[in-house]
Each structure stands twice: as C-alpha cells, then as structure tokens.
Amino acid sequence: MPTGGKALTGDAGAAGEARDGRPFGLRDHWCGELRLADEGAPVRLCGWVARVRAHGSHLRFVDLRDRSGIVQCVVDTDADLRSEYVVAISGTVGARPEGTSNPNLATGDVEVRDCAVEVLSEAEPPPFQLDERAEVDEATRLRYRYLDLRRDRMVANLRLRASVMSALRRSMERQGFTEVETPLLWTPTPEGAREFAVPSRLHHGSFYVLPQSPQIAKQLLMVGGMDRYYQMAKCLRDEDLRADRQFEFTQLDVEMSFATQQDVMAVVSDAVLAAAAVASDREVPPVATLTWQESMERYGTDKPDVRFGMELADLTGAVAASGVAALSAPCVKAIRVPGEAGTTRSRLDSLTARARQLGAKGLAWFRVVPAKADSEDAGAALGSRPLGSRLSLDSPLARHMAPTVIDDIVTATGAQAGDLLLAVAGPTATARAVMGQLRLELGRPPLSEGAPRYVWITDFPLFDEGPDGTAVPAHHPFTMPHPDDVVLLDSDPLSVRSQAYDLVLNGWELGSGSIRIHRRELQQRIFAALKLSAEEAQARFGFLLDAFRYGAPPHGGFAVGVDRLVAILAGEENIREVIAFPKTQSGADPMTGAPKELAPGALRELGILVGRAGPAAGRSPAGPGGSAP
RNA sequence: GGACCUGUGGUGCAGCUAGGAGUGCACGCCGGCCUGUCAAGCCGGAGGUCGCGGGUUCAAAUCCCGUCAGGUCCGCCA
C-alpha cells in the first residue's frame, strides 16, 4: 500500500497540470488530470493500455495510463487492444452515468467517449504484472527495469526524488550557496573506502579513481574563496552493498567558510526540513540534538531511531553483587520489551544466537512476574512500597539472586509484570551495540510510520581505538578537535571530542560533517597522534596541505545521503526503490549484464593484462580463441 | 571472507517436517460468450528441465553434498 508521504499519481486535482507541465506533442491532455469540469471537452490522450474490460463486441472499457495517472476510455471500435499497447485515443470527456463513478480513481467521475484509437506500438505480454498485486522477484524487476518503472510505486518514488532534490537545491540557493561541479576522474587518496579505479589510456599503469566523495575538492574550493559551496554529488565506493548502500549514490554536499558547527547544522536543517515538507503534509518536528555520549548511553548506537522508547537501562551496578558469573562484566545493558514475558524458549534461543552473532558472549533474559509472596495483596500494596518489591524475575539466572538484586533490576529497567527483560554483559562497547541492535529488531516500527524524526548527533570522539590500541580518525584526519579538548591531544587522544556531527533520520545515518582543521601546526599534531609521518602525510594529502600554505579560511561542511533521505520520506526500506537503475547486492545489473569482460583490444589499449586466476576465470570469452596470451 | 532466508508453468504462492505419477490455489496469457464495467463476470484451453550439478533410494520438488542467482545481515563502508 502506498504510504502517506508519497506523491501519488492523479490525486492532485487541479494541481495536475502544474505538476505535469503542459501536455504537448501528440496529445493535448494528461490522463490523470481529467475532471468533471472538463465535461464536453474534446481530448487527445497518449499512453499505455493498463487494462481492458470487454462487454460483447461493441463495448470495451480501456484504462489508459500515462505518468499522471489513469482514465477510463469507452471504446466501441474493434481495434486490437491488449495490455501495454501504446495508443493515442481521441474522444470527448463525459460525466459517467449515475452510479458508475469510481471513487478509487482521481478521474473516476469522468470517462472519454466516442473514442478513435490509434495503436502507436504493440506489446508482448509483460513478464510480470504491472499492478501492485504481488511482490515481484527483485532480479526480474531489475532485468526488466523499464517495465518496473511503469508501476505506480516507481513513478511516485522517482517523482518524489525529483521533488526532494529540487527542494534541497532551492534551500541551498536561498541560503546563498553556489553549486560547483567537481571531477569524477580524481586521484587516489589511500584512506577510507575502497576506490573504483579507472585505467589511463595515455599513461599505462596509472589510474584515476572515482571519488568516494568530493571531500578534498570542496575544501580546495574554500581555499579558492568560493565561501558557500554545494553540489548534488555522485559518490562511488567499492564496498559491499546493503539495503541502504549502493556502489554509487548521491549526496547533497555542502561546505562553508567562516562558519561554526552551529551554522552548518542550521543550514543543513533548513534543507532537510524543506525536503520533508515537499514529501508530505505531515508536521515534521524540528531537528533534535543529542551528544554522541548520550546517544550511545541511551540507544547503544550513534544513529538512534528516536521514534520509540525501549531505551537501554544500565544494570552494571544492580547485578555487580549478584554473584552470577554470566553477568560479571565491565558493563551490563538491558532493554525492557513490554508485554513479551510469554516469549517462547525457542524464540529466546534464536535471540541469543543473534546476540552472539553481534558479538555478545550470550544473552540473559528475565520474565517479569508478580512476586509470589505478594501476589494476593499486590494491589493493596500499590503505592506504599517500592515499585520493585511487587515483582519477581523468572529466569535461570535469577534463581539464586537476592531479592534486593531483583528489586534493583526491576527499578533500573522500570519493568512491569508481563514484560521481558533482555541483558548483555561484556565490554561497554559490546553491551551497548548488541542491546542497541536488539532494541531495533524487537521494537522498531516500519520506516514509514509516523512523522520523520531528524536528530543531530554531536561531540563525536576525534579518534576511535584501532585494533592495536592506536588512534584512527573517527571521521577524517582533517576534523577539528573540540576546543576544550585540544590539551588532551598528546596525553589522552582517545578522549578528545571533535567538532564532527552526524544527521540521523528514523535510525538511518543520513550523513556527517565537521569543522575542518585549517592551520598547519594543528594538523601536524593530529598526524602525530595518528602516528602518521610528515612524509606520509605529504604523499597522501600533499596538494591539500600545500593549498593551506596560501591562506585557508576556517571552514566546515556536511554531506546528506539523498538516496537514504528519499527512501525514508517515501516509506521505502531499501534505497533501490528510489533509484532508477540500481545494482543487485552482488554489484551486478541484470538488465545490462554489467560488469562485463572487456574485449582484448580494449584491454590492450588501456595497457591492462587480466589475471586468469580471478573470479572471471573459467567464464568463456565472447569469441573463439579468447584472449589468452 | 562469513551466517541465514528464498528459488515449483509468464507472475505470486501452497506442496518439502513424514520420499510414492508435475498435484493444487490465485493472477496473467489464448479462444468463446457477454452493452456499464472498473482487480469486470461466465465457459473452455494452453503453458513445467520443481534454479543447476552430483549423491542416497526400487522411487527425490521433498533427504544429503556442491554450485549459481536474488535478498537480509556480520565483516567492510576515513
């Protein structure tokens, strides 16, 4: 079912023409725009035959579809009309006879009569039905994407995408930003995501790379005095695909000079709220702000879905003295799942398996039940005793717990009788991450539910702890430290906060940004903390560091993931649904067959020798003889 | 690199736990009937390498192994 946020076809009344533009060419009206007010008008329509309902040889109802919607045409000629034939229909708009209106159709009060039909293009039956009656296999949809795009869902999603991008652009223009394009053929920067390489024909053995983002280019624009830059930028990363990740994706990329973090956040907030406004009529709450520390503590993640509760409770203190070995750990986090005390043992086992997959040693569970001794006077006791004393915990782990420990657990989680408590003990990061993920899997509403909830996450740590205890940049190495923490750079780098911030929408990371370092001496200290020598730094980022010699303004910026933003505003759980021609999870395009082997001649011209041991080995080349040397 | 789910006429499913003839449902398709339908209706018909390969068995859509494709996730995504 379409969700509230979608720009549905044909439901906009008189707005139809404004949105669809003036019809021209072979037609003079759009199908979806016809209304009772058009009664008597001669019209010429073009489109696809969506459905034919035949009654005898001289009465057929033909539903004609174009991108604006559907209108019923009454046809009494014997033209051969089948599904997906492309036709031009000329006729007269008439009010439907009493009692035959179709309230499910925007054009349901009218029909086109006295139709002359011209078949512009015949069509084989499509390989899947284009109505919304059944989910169609993803591979089939992508193989015939040009047919999939005819469906209401894709029409609505792509038009919403256009509206959102337009709203973002208008917001940026209104705020004085200038769109500047940056190169797709860029240079390798050996940091961050795996890059797509493009071989150079003129310099055999050398490569361009496609940009993971225009990060360095936009900072150079700031050095160039552009002051306020934005771009709808294509970004390319050769990393494994997910529901929210494609090789290539679009970012609203922003950078501004002489600006504070608050300035950047205000600019981006304006843009994304404008985007939400064109997506639906719903009131969208202002963008909230949480510190990273607070988000990790309450939600166990740096991209919290704040549309629902079930926040993490800390049981570390409560169970410290319990003597239960499974719960003795630096950190114990729990969530309360309301009303789920009846969860079956096999379900609990599969949750435990899931917790292990996420890195936990195990999963503790407690069914919250009325305490036996108090069960009779529980009601009478209400209010006169501590909340916890009326409840007990049913769990193998709770069997030998002292009543005070049980009370502490109940109090810390706010448990009610009939709830299920789940807890993970372990290192702080593990306990938070596992419970944060289980919270999502057990309580998260569908992405389309309720108003969009944007939240800023601020005060990220400047460094993460690398595998060997060293500091690695949490954002990128040009991120400005929090001014209060600069003194800690040498003594305690892992506790230094940064002026980096993420924007999160309904639990999806929409993007991130930071205030950048623009002074060389501070940059050197950061490189030192990263154990990066001056020579290495020069080799990797030399051209940026060089640029900073010539007067770099203080600057900062942000990038918003447009595909994710549109998907959430469209109520889609997958960004493929808002991309016209996406790739499958294995990076293939079932329609074009990409990626494909190159002809030997093309490889030779690029100076490329393909190793036959790769995954392509064994696939027979196009021609006989192949390309074996 | 790894885990899990799915794969059955064109489409979506059921059948698989417990092996017994390609069995069933809905949609679509083809033909016929039908002058107010709108997911039209009624009648008839066609359409299958049960993803692919191997194994177990008298017998495999069903059990086992492998593989391919699609999906979800872990790793990865500064």
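For the list (1) out of contact with any helix residue (DSSP H, G or I) (no Cβ under 6 Å at 6 or more places or on another chain); (2) outside any strand (DSSP E or B); (3) not aliphatic (A, V, I, L, M), I need the number of the one condition that A:D464 fails. Against the list (1) out of contact with any helix residue (DSSP H, G or I) (no Cβ under 6 Å at 6 or more places or on another chain); (2) outside any strand (DSSP E or B); (3) not aliphatic (A, V, I, L, M), A:D464 comes up short only on (2).
Counting the residues of region A:86-118 that are closer than 19 Å to A:R65 by Cβ, within 12 Å of RNA strand B (Cβ to nearest atom), out of contact with any Ser or Thr (no Cβ under 7 Å at 6 or more places or on another chain) and of a type in the set (D, E) gives 1.
Going through A:E132, A:E138 one at a time, which residue ends up being more than 6 Å from RNA strand B (Cβ to nearest atom) and out of contact with any Pro (no Cβ under 7 Å at 6 or more places or on another chain)? Show your work before the answer.
Working: A:E138 fails: more than 6 Å from RNA strand B (Cβ to nearest atom).
Among A:E132, A:E138, only A:E132 is more than 6 Å from RNA strand B (Cβ to nearest atom) and out of contact with any Pro (no Cβ under 7 Å at 6 or more places or on another chain).
Candidates in region A:188-219 are the residues that are over 19 Å from A:A559 (Cβ atoms) and open to solvent by less than 70 Å² (accessible area, probe 1.4 Å); of these, the one that is farthest from RNA strand B (Cβ to nearest atom) is A:G205. Residues in region A:508-537 that are on the phi > 0 side of the Ramachandran plot, within 13 Å of RNA strand B (Cβ to nearest atom) and surrounded by fewer than 20 Cβ atoms within 10 Å (Cβ to Cβ): there are none. Just one of the numbered conditions (1) part of a loop (DSSP other than H, G, I, E, B); (2) within 10 Å of RNA strand B (Cβ to nearest atom) is not true of A:P285: (2). Evaluating A:M591 against the criteria (1) open to solvent by less than 40 Å² (accessible area, probe 1.4 Å); (2) in contact with a helix residue (DSSP H, G or I) (Cβ under 6 Å, 6 or more places away or on another chain); (3) within 15 Å of RNA strand B (Cβ to nearest atom) leaves one unmet condition, (1). Would a scan of region A:220-229 turn up a residue that is open to solvent by 10 Å² or more (accessible area, probe 1.4 Å), part of a strand (DSSP E or B) and either within 12 Å of RNA strand B (Cβ to nearest atom) or under 22 Å from A:A193 (Cβ atoms) (or both)? Within region A:220-229, not a single residue is open to solvent by 10 Å² or more (accessible area, probe 1.4 Å), part of a strand (DSSP E or B) and either within 12 Å of RNA strand B (Cβ to nearest atom) or under 22 Å from A:A193 (Cβ atoms) (or both).
Give me the pairs, please: first residue somewhere in region A:77-90 and within 16 Å of A:V112 (Cα to Cα), second residue anywhere and of a type in the set (G, A, S), beta-carbon distance under 6 Å, and either six or more positions apart or on two chains. From residues that are within 16 Å of A:V112 (Cα to Cα), the pairs are A:S90/A:A116.
Applying the criterion of being more than 8 Å from RNA strand B (Cβ to nearest atom) and more than 44 Å from the chain's Cα centre (by Cα) to the residues of region A:61-85, the residue that is least open to solvent (accessible area, probe 1.4 Å) is A:V75. Within region A:439-471, track down each residue that is within 14 Å of RNA strand B (Cβ to nearest atom), under 24 Å from A:A360 (Cβ atoms) and not basic (K, R). Passing the criteria: A:L440, A:E441, A:P461, A:D464, A:E465, A:G466, A:P467, A:D468.
Among the residues of region A:397-438, those identified as within 16 Å of RNA strand B (Cβ to nearest atom) and either part of a loop (DSSP other than H, G, I, E, B) or open to solvent by 20 Å² or more (accessible area, probe 1.4 Å) (or both) are A:P427, A:T428, A:A429, A:T430, A:R432, A:A433, A:Q437. Residues considered: A:R96, A:R145, A:R150. Of these, the only one that is among the charged types (D, E, K, R), touching a residue at least 12 places away in the same chain (Cβ under 8 Å), open to solvent by 40 Å² or more (accessible area, probe 1.4 Å) and on the phi < 0 side of the Ramachandran plot is A:R150.
Total residues in region A:119-130 satisfying the condition of being touching a strand residue (DSSP E or B) at 6+ places or on another chain (Cβ under 8 Å) and closer than 21 Å to A:G69 by Cβ: the figure is 4. When region A:34-51 is filtered for residues that are open to solvent by 80 Å² or more (accessible area, probe 1.4 Å), farther than 14 Å from A:V86 by Cα and assigned to a strand (DSSP E or B), only A:P42 remains.
The values are calculated or read from the model by the stated rules, or taken from the named source; none is laboratory data. No experiment lies behind these values; they were computed from the predicted model shown. Glycine gets a Cβ as well: all are built from the backbone with ideal geometry, and neighbour counts include every protein chain shown. The accessibility values were calculated without ligands, DNA or RNA, using every heavy atom of the protein model including side chains. Shrake-Rupley method; radii C 1.70, N 1.55, O 1.52, S 1.80 Å.
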